[in-house]
1. Would segment 71-92 turn up any residue that is modelled with pLDDT under 95 and not polar (S, T, N, Q)?
2. Filter segment 70-114 for residues that are buried (at least 18 other Cβ atoms within 10 Å of the Cβ) and among the charged types (D, E, K, R); which is farthest from Pro40 (Cα to Cα)?
3. Of Arg37, Arg44, which residue is under 15 Å from the mean Cα position of the chain (by Cα), open to solvent by 70 Å² or more (accessible area, probe 1.4 Å) and not acidic (Asp, Glu)?
4. Between Ser113, Ser60, Ser20, which is over 20 Å from Gln4 (Cβ atoms) and touching a residue at least 40 places away in the same chain (Cβ under 8 Å)?
5. Before we move on, is Asn55 part of a strand (DSSP E or B), open to solvent by 60 Å² or more (accessible area, probe 1.4 Å) and at pLDDT below 95?
6. Residues in segment 78-89: is at least one in contact with a Cys (Cβ under 9 Å, 6 or more places away or on another chain) and in a strand (DSSP E or B)?
7. Give segment 35-56 a look and list any residue that's among the β-branched types (Val, Ile, Thr) and closer than 16 Å to Leu83 by Cβ, or say none.
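The values are calculated or read from the model by the stated rules, or taken from the named source; none is laboratory data. Computed from a prediction, not measured in an experiment: that's the story for all the values here. Cβ atoms come from the backbone with ideal geometry, glycine included; neighbour counts cover every protein chain shown. Ligands, DNA and RNA are stripped out before the accessible areas are found, and what is left, the full protein with its side chains, is counted by its heavy atoms. Shrake-Rupley method; radii C 1.70, N 1.55, O 1.52, S 1.80 Å.
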Amino acid sequence: VQLQASGGGLAQTGGSLRLSCTTSGNIFSINDMGWYRQAPGKQRELVAMMSTNINRYSSSVMGRFAVSRDNMYTPMYLQMNSLKPEDTGVYYCYARDKRSRGYWGQGTQVTVSS
């Protein structure tokens, strides 16, 4: 499974960005998909995860971010609204297959100015 993230950039506080993650390879093996982020000097943290019948969000983004994907052939998106400076970081898309093997895309930088 290969993942390609895009859509990062610079936004002002209160603004919006939408990240995309396209998949290739053995996409039929994917069970879960989601987004992580890593701020400077901090550990990588979960932002949102799509699993069968349920989406999970970090408490810090709940109500502001939304993860979506129409089907296995379309990209996964992360719609980020009401952005805050603390949302700044490198965002990574992630997939886990049915054998619980994890796959990472390259990161995309999100910078929110105050």
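1. Yes - at least one qualifying residue is present in segment 71-92.
2. It comes out as Arg96.
3. Exactly one residue qualifies, and that residue is Arg44.
4. Answer to the check: Ser113.
5. Spelling it out, Asn55 is indeed part of a strand (DSSP E or B), open to solvent by 60 Å² or more (accessible area, probe 1.4 Å) and at pLDDT below 95.
6. Within segment 78-89, one or more residues are in contact with a Cys (Cβ under 9 Å, 6 or more places away or on another chain) and in a strand (DSSP E or B).
7. Val47
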